[in-house]
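Novice: Before I ask anything, here is the structure I am working with.
The values are calculated or read from the model by the stated rules, or taken from the named source; none is laboratory data. Please read all numbers here as calculations on a predicted model, not as lab measurements. Methodologically, a virtual Cβ is constructed for each residue, glycine included, from the backbone with ideal geometry; neighbour enumeration extends over all protein chains shown.
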Amino acid sequence: MEKSKIDHMAGGKFKLGRKIGSGSFGELFLGVNVQTGEEVAVKLESVKTKHPQLHYESKLYMLLQGGTGIPHLKWFGVETDYNVMVIDLLGPSLEDLFNYCNRKLTLKTVLMLADQLINRVEYMHSRGFLHRDIKPDNFLMGLGRKANQVYVIDFGLAKKYRDLQTHKHIPYSKPD
């Protein structure tokens with residue numbers, strides 16, 4: 001995926017930088033808001049992808065905004081051949097940290113992380129959604145003053161499981 005295909009800019013103010021990740025969803029770039037200088041994460045997904053999920057994921061970021069440990073959605077739109085989502089730039093994943101610490105964490109660290117992980121999942125459930133892709137790669141640490149805060153990311157597989165008006169569980173239905 002060539003970032004030049006979206007002319008190095010997204011939403012008229014987010015300049016794309018180097019690639020910082022990739023996966024089945026597409027690719028992730030470091031970006032910068034040219035108006036404020038703030039660094040951001042820019043997620044690109046080809047509009048031709050067989051199972052697009054970035055628009056759905058951006059809607060979930062909007063629904064979950066305001067929750068502790070939920071990255072702020074800065075912009076979503078289509079640029080040339082790509083769906084583009086811009087969110088807060090975050091730090092390393094729990095998987096990265098675990099590897100950095102030689103796959104050993106202190107009890108204090110485990111308890112601090114567990115408390116935050118439970119709170120993030122609980123918050124999603126309180127908003128009527130199941131994440132459905134819980135793994136260390138989908139929990140990232142913050143940066144700077146928020147370096148000890150855990151953030152949950154990647155809502156592409158999340159699913160509504162409870163009607164918030166009636167509080168009733170939505171029955172399972174087979175995929176088409």
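Novice: Taking the stated definitions as given, is SER58 at pLDDT 95 or above, hydroxyl-bearing (Ser, Thr, Tyr) and within 18 Å of the chain's Cα centre (by Cα)?
Specialist: Spelling it out, SER58 is indeed at pLDDT 95 or above, hydroxyl-bearing (Ser, Thr, Tyr) and within 18 Å of the chain's Cα centre (by Cα).
Novice: Output the residues belonging to the stretch 144-162 that are among the hydrophobic types (A, V, I, L, M, F, W, C) and more than 15 Å from ILE70 (Cβ to Cβ).
Specialist: ALA147, LEU157
Novice: Let me ask something else about it. Of the residues that make up the stretch 114-122, is at least one among the small types (Gly, Ala, Ser) and modelled with pLDDT of 95 or more?
Specialist: yes
Novice: Confirm whether THR68 is part of a helix (DSSP H, G or I) and polar (S, T, N, Q).
Specialist: Judged against the criteria, THR68 is not a match.
Novice: Out of the residues in the stretch 140-176 that are among the charged types (D, E, K, R) and in a loop (DSSP other than H, G, I, E, B), which is nearest to the chain's Cα centre (by Cα)?
Specialist: ASP154
Novice: Looking at this structure, is LYS74 touching a residue at least 40 places away in the same chain (Cβ under 8 Å) and of a type in the set (Lys, Arg)?
Specialist: Spelling it out, LYS74 is indeed touching a residue at least 40 places away in the same chain (Cβ under 8 Å) and of a type in the set (Lys, Arg).
Novice: Please determine whether any residue of the stretch 38-58 is part of a helix (DSSP H, G or I) and surrounded by fewer than 19 Cβ atoms within 10 Å (Cβ to Cβ).
Specialist: yes
Novice: Would the stretch 3-23 turn up any residue that is under 19 Å from PHE155 (Cα atoms), crowded, with 17+ Cβ neighbours inside 10 Å, over 12 Å from the mean Cα position of the chain (by Cα) and in contact (Cβ under 8 Å) with a residue 12 or more places away in the chain?
Specialist: The answer is no, given that none of the residues of the stretch 3-23 is under 19 Å from PHE155 (Cα atoms), crowded, with 17+ Cβ neighbours inside 10 Å, over 12 Å from the mean Cα position of the chain (by Cα) and in contact (Cβ under 8 Å) with a residue 12 or more places away in the chain.
Novice: What number of residues within the stretch 94-139 satisfy the criterion of being in a loop (DSSP other than H, G, I, E, B) and touching a Phe, Trp or Tyr at 6+ places or on another chain (Cβ under 8 Å)?
Specialist: The number of residues fulfilling the criteria is 3.
Novice: State which residue pairs qualify: first residue more than 14 Å from LEU130 (Cβ to Cβ) and inside the stretch 140-164, second residue charged (D, E, K, R) and assigned to a strand (DSSP E or B) in any location, beta carbons under 7 Å apart, and separation of 6 or more residues or different chains.
Specialist: Pairs found: none.
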